[in-house]
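Undergrad: Just passing along the structure, written as structure tokens.
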Amino acid sequence: MKHTKFITLLSLFFLIVSCSNESTSGGPSLGSGNTGNDGDNNNGQSESIYYSPQYSLKEVASYYVGVGATWSRLTSSGSNYGSIVGREFNSITAGNAMKGSVTNPETIEEYNWEPGDEIINFAEENNQRVHGHTLIWHNQYPGWIDSFSGTDEQFEAAVEKYVKDVVSHYKGKVASWDVVNEALESNGSLRTNSPFYQRMGEDYIKKVFTWAREADPDVKLFYNDYSLASTSSKTQGVVNLVNSLKDAGVDIDGIGLQMHIRVDYPTNSTITSNVKTLTDTGLLIHFSELDVIVNDNGSLSELTYNAALDQKNKYKDVFEIYDETVPDDQKFGVTIWGVRDIDSWLNPNMNNHSDWPLLFGLEYEYKIAHEGIIEALKD
Ligand code: G3I
């Protein structure tokens, strides 16, 4: 017992020392944030936006805690980014590396597997699960889609080949796929501004799920979308979609709620109610792209302690809601959409101003948002 405590203390010491020694490598300039009024970490009462962690997320969690990762940052040598991803998370989603615009950028014949394979290699070395993202989306699709000059039947055959090629390439290496991403409007109807809808008709989702299953009988198949925690009409649209797939005998294993949320929206009761609706389908539930916006109206020029505290509390609430609302056998996990604030898709200048939506500062400092998650996971 004493020996275990000693090892734990020793690991903590190295964890803290390594974090404080790490430096960043370039990137656009985004303030590392205000360290608060007194910066005193000794009595646990300080008003700092950062803290010294005692635990990593993955060692405390009873389900998968993942990250949306950028392959080029993961693989650059001596990467602090890579050490944080390896240390904190036991699941990885490729932020971009497995999207059609990367894997199949120009012609249907030519594939670029390297970025996705690098993610797989990293995950294997770090004993992490990989979630595939994403096969069919109206953004970041293969380069040949827009210029396709054949008939609709030929288009459909080309999409089938693409889906089966990609699923087969990663067969046995990814646990799961976001098969279709963001196919619904906020009122729950099918999005029409998608080349897949326009050329294959409204059954395209059923077809794509069927092809993915044919290519890999074991991989978990997800439908993934945003605003599901906030918009009950869209949530109901997902339930209808799931039912229509099931009625047609098409496999679907899970639902991904992206969870791009704000500190003040949606409310916890709204999130809980929408998650409950989706949980009632009996499918796996993945909070797949969690980030918490703190500066929606652009009033902050740096991250203040109060904003960081609000954010900590929202992260904590979200993990508590996940824990309490989703039955254990439906918990696929929670994935945070990026590492440092500066790495977020919301920066730079998503709304012509900065935001600090993630768990790590510019120099990989641990934000108190991380502590909020630890508190939720340990409760
Ligand atoms: O790779 C090029 C690089 O060569 C070029 O120099 C650079 C110049 O801007 O762009 C790079 O590509 C960017 C890519 O991210 C990789 O960093 C694209 O411009 C940029 O549009 C792309 O943004 C991604 C975004 O999806 C596209 O919609 C974000 O990283 C990614 O986090 C984000 O993730 C999506 C999910 O997949 C689906 N749900 C919404 C979420 C947020 O948009």
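The values are calculated or read from the model by the stated rules, or taken from the named source; none is laboratory data. Note that the structure is predicted; figures quoted are calculated from it, not measured. For neighbour counting, all protein chains shown are included, and Cβ atoms are generated from backbone atoms with ideal geometry for every residue, glycine included. Areas reflect the complete protein model, heavy atoms only, side chains present, ligands, DNA and RNA absent. Shrake-Rupley method; radii C 1.70, N 1.55, O 1.52, S 1.80 Å.
Undergrad: Under a 10 Å cutoff between Cα atoms, tell me which one of GLY254, GLY95, GLY201 has the largest fluctuation in the Gaussian network model of the chain.
TA: Taking springs between Cα atoms under 10 Å, the residue moving most is GLY201.
Undergrad: On to the next question. Work through the residues other than ALA123 whose Cβ is under 11 Å from its Cβ and net out their charges, Lys, Arg +1 and Asp, Glu -1.
TA: Taking every other residue near ALA123 into account, the sum is -2.
Undergrad: Which value, in debye to the nearest 20, describes the size of the charge dipole of the chain about its Cα centre when Lys and Arg Cβ atoms bear +1, Asp and Glu Cβ atoms bear -1, and nothing else is charged?
TA: 520 debye
Undergrad: Now for a separate question. Grab the Cα-Cα distance for SER83 and SER269, subtract it from 0.36 nm times how many residues apart they are, and report the gain in nm with one decimal.
TA: Using 0.36 nm per residue and subtracting the Cα-Cα distance, I get 63.4 nm.
Undergrad: Treating only the Cβ of Lys, Arg, Asp and Glu as charged (+1, +1, -1, -1), what charge dipole size does the stretch 39-156 show about its Cα centre? Round to the nearest 20 debye.
TA: Dipole about the Cα centre, nearest 20: 600 debye.
Undergrad: How big is the C-alpha Rg of the stretch 258-379 next to the rule-of-thumb value 2.2 N^0.38 Å, as a ratio?
TA: 1.05
Undergrad: When only Cα pairs under 8 Å and 6 or more residues apart are kept, what is the percent relative contact order across the chain?
TA: Rounded, it is 19 percent for the chain.
Undergrad: Give the share of C-alpha pairs in each 5 angstrom bin for the stretch 125-275, from 0 to the last occupied bin, in whole percents, shortest bins first.
TA: Reading the bins upward from 0: 2, 9, 18, 21, 19, 15, 9, 5, 2, 0.
Undergrad: Using only Cα atoms, what Kirkwood radius does the chain have, in angstroms?
TA: The answer is 21.5 Å.
Undergrad: With respect to the cross-link table entries LYS171/LYS246; LYS331/LYS367; LYS58/LYS161, which display a Cα-Cα separation exceeding 32 Å?
TA: Violating the 32 Å Cα-Cα cut-off are LYS58/LYS161.
Undergrad: Say the dipole of the chain comes from +1 at the beta carbon of Lys and Arg and -1 at that of Asp and Glu; which of THR235, VAL60, MET98 then lies farthest toward its positive end?
TA: Most positive-ward Cα: VAL60.
Undergrad: What figure in square angstrom, to the nearest 10, would you give for the accessible area of ARG199 with a 1.4 Å probe?
TA: 60 Å²
Undergrad: Residue-wise, which Karplus ³J(HN,Hα) couplings in Hz belong to the stretch 177-191, taking 6.51 cos²θ - 1.76 cosθ + 1.60, θ = phi - 60°, and x for glycine or proline?
TA: 9, 6, 6, 10, 10, 6, 8, 10, 7, 5, 8, x, 7, 5, 5
Undergrad: Using modelled amide H (1.01 Å from N, peptide plane; none on Pro or chain starts), what sits under 5 Å from the amide H of ILE336, excluding residues fewer than 5 places away?
TA: GLY66, VAL67, GLY68, LEU290
Undergrad: Under a 5 Å amide H to amide H cut-off, with H placed in plane at 1.01 Å, what residues pair with LYS220 once short-range neighbours are removed?
TA: Those lying under 5 Å, H to H, from LYS220 are SER176, TRP177.
Undergrad: Here is a further query. Would you mind telling me which residue in ASN297, ASN181, ASN127 has the biggest mean-square fluctuation in a Gaussian network model of the chain, where springs connect alpha carbons within a distance under 10 angstrom?
TA: Result: ASN297 has the largest fluctuation of those listed.
Undergrad: Another question, then. Rolling a 1.4 angstrom probe over the protein chains, ignoring ligands and nucleic acids, what is the accessible area of ASP280 in square angstrom, nearest 10?
TA: Accessible area of ASP280: about 110 Å².
Undergrad: Can you tally the net charge around VAL179? Count Lys and Arg as +1, Asp and Glu as -1, for every other residue whose Cβ sits under 10 Å from the Cβ of VAL179.
TA: That works out to -1.
Undergrad: So, one more: Of all accessible surface on the stretch 273-379 at a 1.4 Å probe, what whole percent is carbon and sulfur?
TA: Carbon with sulfur: 41 percent of the solvent-accessible area.
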